[in-house]
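K.L.:
What follows is a structure written as structure tokens; I'll ask about it next.
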């Protein structure tokens, strides 16, 4: 499940779980001759799909299929497809590329929408960027947040932390990943992006938060 969370966080297209089984079956293939291999699962992890993993007391489930489906839920929710493939073969990833039997789970989420959902659900701590009306309108129109539109910086945060984005009246309008820590953000707030390098003696780009790292309510 950790791999699934990391895959979602980094915007991966595909997560591959290598196992001692070549995918998902309708039931435990070791005990049922009627078990059928599923090469493709679409539409998410439904109760019917979960039932195929067996109850948690079965050897099939204890072997990890329940956990694999839990990972699939996380990955698919983040817009990342997932495959279960046999890791016992030589060069298993190349074998998968060459058409080895596996189960592919496809996601109906886009990475962008999934990333927005992750940002909006992320813990933002005490950090916040307070925007003037012009900047608020700009980010709500899909623009990046520039320092010039920030009237104040609240709380302490580091570069890469998730922060609240609020209007001057206190209304939260979203969340974003800060490109500058709170100390640097406070120094460049209200200033032109062209002046960042002069003020900080360095520049990590013109945006306090890039549009791709913004999620709005």
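K.L.:
Going through the stretch 185-197 one residue at a time, which ones are closer than 20 Å to residue 168 by Cα and without any contact (Cβ under 8 Å) to a residue 24 or more places away in the chain? Please lay out each step first, then the result.
P.N.:
Restricting attention to the stretch 185-197, the residues satisfying the condition of being closer than 20 Å to residue 168 by Cα are 185-192.
Answer for the stretch 185-197, where residues must be closer than 20 Å to residue 168 by Cα and without any contact (Cβ under 8 Å) to a residue 24 or more places away in the chain: just 187.
K.L.:
Further, regarding this structure: So if I check each of 75, 85, 95, 100, which one is at pLDDT 95 or above and either assigned by TED's automatic domain parsing to the domain that holds residue 158 or in contact with a helix residue (DSSP H, G or I) (Cβ under 7 Å, 6 or more places away or on another chain) (or both)?
P.N.:
On the way: 75 fails: at pLDDT 95 or above; 95 fails: either assigned by TED's automatic domain parsing to the domain that holds residue 158 or in contact with a helix residue (DSSP H, G or I) (Cβ under 7 Å, 6 or more places away or on another chain) (or both); 100 fails: either assigned by TED's automatic domain parsing to the domain that holds residue 158 or in contact with a helix residue (DSSP H, G or I) (Cβ under 7 Å, 6 or more places away or on another chain) (or both).
So the residue among 75, 85, 95, 100 that is at pLDDT 95 or above and either assigned by TED's automatic domain parsing to the domain that holds residue 158 or in contact with a helix residue (DSSP H, G or I) (Cβ under 7 Å, 6 or more places away or on another chain) (or both) is 85.
K.L.:
Give the stretch 12-39 a look and list any residue that's surrounded by fewer than 11 Cβ atoms within 10 Å (Cβ to Cβ) and either in a strand (DSSP E or B) or over 26 Å from the mean Cα position of the chain (by Cα) (or both), or say none. I'd like the intermediate steps shown before the answer.
P.N.:
Initial filter on the stretch 12-39 (surrounded by fewer than 11 Cβ atoms within 10 Å (Cβ to Cβ)): 13, 20, 33-34.
Selection gives 20, 33, 34.
K.L.:
Shifting gears a bit: Test of understanding: among 132, 161, 169, which residue is surrounded by 15 or more Cβ atoms within 10 Å (Cβ to Cβ) and modelled with pLDDT under 95? Reasoning before the result, please.
P.N.:
Values: 132 fails: modelled with pLDDT under 95; 169 fails: surrounded by 15 or more Cβ atoms within 10 Å (Cβ to Cβ).
When all the criteria are applied, what remains is 161.
The values are calculated or read from the model by the stated rules, or taken from the named source; none is laboratory data. Source: prediction; values computed, not measured. Note that each Cβ is placed from the backbone with ideal geometry, even for glycine, and that neighbours are counted across all protein chains shown.
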